[in-house]
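Visitor: Can you read through this structure? Questions will come right after.
The values are calculated or read from the model by the stated rules, or taken from the named source; none is laboratory data. All values reported here derive from a predicted model rather than from experimental measurement. All Cβ positions, glycine included, derive from the backbone under ideal geometry; neighbour counts span all protein chains shown. Heavy atoms of the whole protein, side chains included, go into the accessibility calculation; ligands, DNA and RNA do not. Shrake-Rupley method; radii C 1.70, N 1.55, O 1.52, S 1.80 Å.
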Amino acid sequence: MGQHPSQHEGRRSKTQNERASEAKSSTESSTTSHVDHTLVLNASTTDAEQQSVNILNELHTGPFNFNEQIRAGKSKRDTPSWVQDAVFYQIFPDRFASSPKVHKPSGLEFWDSKPTRNGFKGGDLLGVAEKLSYLKELGVTAIYLCPIFQSACNHRYHTHDYHQIDPLLGGARAFEHLLAEAHAIGMKVILDGVFNHASRGFFQFNHILECGEQSPYTRWFKIHSYPVNAYYERKPPTYAAWWNLHALPQFNHENAEVREFIYDVGTRWIQQGIDGWRLDVPNEVKVPGFWEEFRRRVRSVNPDAYLVGEIWGQAQDWIGSRFDGTMNYLLNKACIGFFAEDIDASLLDAFVPPLDATSFADIVSNLLTLYPAENVLCQLNLMGSHDTARFLSLVKNDISAVKLANLFLFCYPGAPCIYYGDEVGMEGAKDPDCRRAFVWDESRWNMELLDFFKWCCQMRSSHSCVREGEFHCLHAEDKVVVCARGRVDHYFVDRDSTQMATTQEEQPEHNTLVFAFNTSQADAQVILPHGSQRISLPDHTVFIDLWATQAPPLTLNEGKLHLTIPARGFRVFKL
């Protein structure tokens, strides 16, 4: 998504209320059962707050059992296998890194100055290539680039030419170099595809502005009347435009020429070597079969290409035949509701409800039922993006909230995505402030956060169960959630059972990690497992915390683990 409209800016984000309405309408047609998360609203709750709550409250239990499908194995798969192993890093190209080797015009904003709606900082693709070693050291294995095609906007969601890399970003040679360098170190690259609308500078639309009704491209767009009003904003545009914004003429996807043009763009860049597409506002394209054919064409070139859609709500109609996964904003909202102790409400488009442990566990478990397991593993899980305020700013600089939420992101099924700079503690309000230039002065980095993100990446890379294993909520009460990735059934058995688990060294497929989260201001005590179950390992087995290695080890006593979770903290250990 792009920016909110202003006098000088022609792209806007939908409000969360509008997305809530979309999510509600998409679920009303579902015949699956409703899950009540028992969120209680006070008498002063506004309609907007109620609508935002509904995004989470109106989730429907889907027909899929994630753990059963994982246990059964994946005999036939129509999703790229590399995605479940990936750690993505989203880059806003104008703001990440600037190379002196790319010639720049005068008139750029100072790199560290406050970002503006229309100003350019001068970041480029050669600069990204020069920072690949930083990304590799962080643990990133895939880059998601916001639009890079020729455009007159710093975010480049107003495309002028889909076949040209923007010269301000270094042009085609800079992109070819970046792609080659990334692939050389095993790093994937996906691009942002904006195929619902173009811009006033797009050749075919500009041709209409110049030639009027005599232009051969009039059927590429839906022109209501002539002369075309593309710039006088006191009157509405005389053509179909995204959210009625003059700067964003919508394609006429009913025209076969338009569809073929977009399919050609989609396949051309896959042939050039990119590893997939993130598709912008795909739900705005109403022509039946458009995205199915886009998928077919792209996959005919590269069967392992990743297609992820920007769908903010439930996406049963979009997953599978159209996309491998979506940007998982539903998970994002649930994490905000549970892990954030205090929120700067001015940085949200709408109210996000606080969640207790039970509601949070219900929601994250329910999300796994919506899609087949192979698509769950292809969800793009994120705590921030170019469309949201920085998470650190949202939680009022609460480092504990950043750690808790992002650790959950890294342990939850799907591919975690880091928004550039979050790992060093970058701040930012709503756009354009969330699109500040990256801080390359290391003295200004939050090294505690950077070390934490590196550890999360390393932990995920070192344990296959966190990338492809089952997901179980073992405990959810008040402000404490304990979950596990892997074969919990191998370790948790009835008290009277004589079964003894083999070690992970003996059977690596039984690799299982336990993650315990405490969002309260006091230490929490938890006994695992509950009730009559026990852990089928010898008594006095010692477990070392993978994060807090200096913490006292955990010792198994009569088949039970007595776990202390620090206030606003977490524990991670391997069974």
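Visitor: Eigenvalues of the Cα gyration tensor times 5, then square-rooted: what semi-axes does that give for region 377-529, in whole angstrom, largest first?
Guide: 34, 17, 13
Visitor: At Met447 and Asp494, where each label point lies 7 Å from the Cα along Cα→Cβ, what is the point-to-point distance in nanometres?
Guide: 5.5
Visitor: I've got another one for you. With Rg and the Kirkwood Rh both taken from Cα atoms, where does Rg over Rh land for region 192-265?
Guide: Ratio of gyration radius to Kirkwood radius for region 192-265: 0.94.
Visitor: Quick one: what does P(r) look like for region 101-213 with 10 Å bins over all Cα pairs, in whole %?
Guide: Taking every Cα pair in region 101-213, the percentages come to 13, 38, 34, 12, 3, 0.
Visitor: Give, in nm to one decimal, the length gained when the segment between Ser532 and Thr549 is fully stretched (0.36 nm per residue of separation minus the Cα-Cα distance).
Guide: Difference between extended and current length: 3.1 nm.
Visitor: Follow-up question, since we're still on this one. As a test question: what accessible area, to the nearest 10 Å², does Cys465 have when a 1.4 Å probe is rolled over all protein chains in place?
Guide: Estimated to the nearest 10 Å², Cys465 gives 10 Å².
Visitor: I've got another one for you. For Trp111 and Glu257, compute 0.36 nm times the residue count separating them, minus their Cα-Cα distance, and round to one decimal in nm.
Guide: Length gained between Trp111 and Glu257: 48.4 nm.
Visitor: On to the next question. Give me log10 I(q)/I(0) at q = 0.10, 0.13 Å⁻¹ for the chain, Debye formula, one equal scatterer per alpha-carbon, no solvent.
Guide: -0.86, -1.44
Visitor: Extension gain Thr238-Ser346, at 0.36 nm per residue separation less the Cα-Cα distance, in nm?
Guide: 35.4 nm
Visitor: Scan around Phe221 for amide H atoms under 5 Å from its own, H built in the peptide plane at 1.01 Å from N, and keep only partners 5 or more places away or cross-chain.
Guide: HN-HN under 5 Å from Phe221: Asn252.
Visitor: Among DSSP beta bridges lying fully in the chain, give the percent that are antiparallel, nearest 5.
Guide: In the chain, approximately 60 percent of DSSP beta bridges are antiparallel ones.
Visitor: Follow-up question, since we're still on this one. Evaluate 2.2 N^0.38 Å with N set to the residue count of region 243-365, then give the Cα radius of gyration divided by it.
Guide: The reported ratio for this selection is 1.32.
Visitor: Could you tell me, in Å, what Rg and Dmax come out for the Cα atoms of region 385-444?
Guide: Both quantities, over Cα of region 385-444: 11.7, 34 Å.
Visitor: Next up: With charges only on Cβ, +1 for K and R and -1 for D and E, what is the dipole size of region 59-98 about its Cα centre, in debye, rounded to 20?
Guide: Approximately 140 debye in magnitude.
Visitor: Given contacts defined as C-alpha pairs under 8 Å and at least six residues apart, what's the relative contact order of the chain, whole-number percent?
Guide: The value is 15 percent.
Visitor: Let me ask something else about it. As a check on your grasp of the helix formula, calculate [θ] at 222 nm for the chain: sum -39500 (n - 2.57) over DSSP H runs of n ≥ 4, divide by the residue count, round to the nearest 500.
Guide: -8500 deg cm²/dmol
Visitor: For a 20 Å ceiling on Cα separation, which of these pairs sit above it: Lys114/Lys136; Lys114/Lys188; Lys136/Lys333; Lys131/Lys188; Lys188/Lys286?
Guide: Where the Cα-Cα span goes over 20 Å, the pairs concerned are Lys114/Lys136; Lys114/Lys188; Lys136/Lys333; Lys188/Lys286.
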